[in-house]
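Q: Mind having a look at this structure? Questions to follow.
Each value in this text was obtained by applying a stated rule to the coordinates, not by laboratory testing. Please read all numbers here as calculations on a predicted model, not as lab measurements. Here the Cβ is made from the backbone with ideal geometry for all residues, glycine too, and neighbour counts use every protein chain on show.
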Amino acid sequence: MNHTPPPAMASRLPGSTSPRLWPCLAGQTPTAGLAPTAGLAPTGLAERLGRLTSPALADHVFPGRVDPAIAREARLLNRFRRAAGLRWARRLDQAGIPVVCLKGLGTAYLAYLDPDLRGLSDADLLIRPADLDRALELLEGDGFRFAEARTRSPWGFVGEASFQPLMSRDGGTNLDLHIQPDAWPLPLGLDGGAVFRAARRIETETGAITVPAAEHAFLIAVSHAARDLFGQAAIKGLIDAARLVAGAQGALDWAEIRDRAQRGRIARPLRIVLALFRGLGIAVPAAAGPAAVPAGAEYRRLGRDLETLFENGAEVEPGRLAKLRREWLLAAEPGVALRRNLRRLGGLIRPGTGLPKV
């Protein structure tokens, strides 16, 4: 694959101590390259990586820095959650309801040689809108119920791509049904129909499943990370995106990615992600586009957060002003940020329930 060379020191993110963490997360640098290094504080990074993703991945990236028993339990938990999600994906598929395994459930196979490294909190399943009623009838008949989880925001659920989590009777399986690959505006450039048309079947240890095309998995990861304001909740998706950029599925079709990002109004988040990856030392293909580095304190602050895995704010939830600043400056185009905030204002009057409209 034709990659651009790693960025020179002058193009690294301000305050950079080493470019090696993110290339390792992306699979471009062997984990042995992360032996104790001055300035990196590997033990602290391993703890934060384990908390933000999975101790299994932290143990893989920082060998010997994670309690072996904790790492082993994390691998088993990741395997259990993935197997549970795949079981219900196949159950729907066998009932004539096609399913595409999104996000962690799919990228565990698309972007990781060992899927047990990819931490999961739920199983994201894309179905066609016309199949929603049948899918709910089947799952509810098998004991699933909407969890009606409370949101941290006063405006409730404002997205329409997916719903409240569906929980199994025993509480051991959490399904997130999608009728679009991610929330507005991504479906303007990549809707569910496009994902289904380009999806492919792959074999897993428990049978065949359907996963998105690598380009679509990458765009979904970028869109979701931007909605999470590139914060702590976005780390797993950003690592997925980095591994796909690094060639986990071969060379990506960057012309398609740019076209769909432009139409899906995530061109700015895409540019930010690629600039961050280059600044963090990941070899990004020249075909991805110019290596422009955004200016501004907010970009530099975000770069330091990612490089240190939120060393200075791992336990601190950003305030509303900080979130708005990051959204308007980095994570969304102006019109997108405006519409989202107008919807939030509407939600203050009538909070969204996150349940399907019947």
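Q: Which stretch or stretches of region 261-289 have amide N atoms under 18 Å from the point lying 7 Å from D191's Cα along the Cα→Cβ direction?
A: Backbone N within reach: 261-266.
Q: Between L355 and A198, what is the spin-label point distance in nm, taking each point 7 Å from the Cα along the Cα→C-beta axis?
A: According to this spin-label approximation, the distance is 3.6 nm.
Q: Right, here's the next one. If we sort 255-265, 208-218, 286-296, 64-74 on the protection proxy, mean other Cβ atoms within 10 Å, highest first, what's the order? The partial results should precede the final answer.
A: Numbers: 255-265: 17.8, 208-218: 22.5, 286-296: 13.5, 64-74: 15.1.
Per-residue Cβ counts within 10 Å, averaged per peptide and sorted highest first, yield 208-218, 255-265, 64-74, 286-296.
Q: Apply 1/(1 + (r/R0)^6) to the Cβ-Cβ distance of E205 and D142, taking R0 = 30 Å, and write down the FRET efficiency to the nearest 0.05.
A: Working: r = 23 Å, r/R0 = 0.76.
Efficiency, from the Cβ-Cβ distance: 0.85.
Q: Counting residues in region 126-260 as N, plug N into 2.2 N^0.38 Å and put the Cα Rg over that result.
A: Numbers: Rg = 16.0 Å, N = 135, 2.2 N^0.38 = 14.2 Å.
Dividing the Cα radius of gyration by 2.2 N^0.38 Å gives 1.13.
Q: Where Lys and Arg each count +1 and Asp and Glu each count -1, what net charge lies around S54 among other residues with Cβ under 13 Å from its Cβ?
A: Details: positive: R48, R51, R72, R75, R79, R81, R82, R118, K236; negative: E47, D59, E73, D114, D116, D240.
Combined, the nearby Lys, Arg, Asp and Glu give +3.
Q: Ok, one more. For A286 paired with A95, estimate the spin-label separation in nm (one decimal), with each label point 7 Å from Cα along the Cα-to-Cβ line.
A: Going from the A286 label point to the A95 one covers 5.2 nm.
Q: Just order 185-191, 94-100, 49-55 by mean Cβ neighbour count inside 10 Å, highest at the front, would you? The partial results should precede the final answer.
A: Working: 185-191: 20.6, 94-100: 16.9, 49-55: 22.1.
Listed from highest to lowest mean packing, they are 49-55, 185-191, 94-100.
Q: Based solely on C-alpha atoms, express the radius of gyration and the Dmax of region 9-349 in angstrom.
A: Calculated on Cα positions, Rg and Dmax stand at 19.4, 59 Å.
Q: Please provide three numbers in whole Å: the alpha-carbon extents of region 45-108 along the principal axes, with the largest listed first.
A: Rounded to whole Å, the extents work out to 46, 19, 14 Å.
Q: Placing +1 on the Cβ of each Lys and Arg and -1 on the Cβ of each Asp and Glu in region 235-304, which of P290, Q249, G303 has its Cα farthest towards the positive end of the resulting dipole?
A: Highest projection toward the positive end goes to G303.
Q: If R₀ is 22 angstrom, what is the calculated FRET efficiency for the pair E333 and A297, using the beta carbon separation as r and rounding to 0.05?
A: Numbers: r = 20 Å, r/R0 = 0.91.
Approximately 0.65, to the nearest 0.05.
Q: Work out the FRET efficiency for R51 and R87 from their Cβ-Cβ distance, taking R0 = 45 Å, and round it to the nearest 0.05.
A: 0.95
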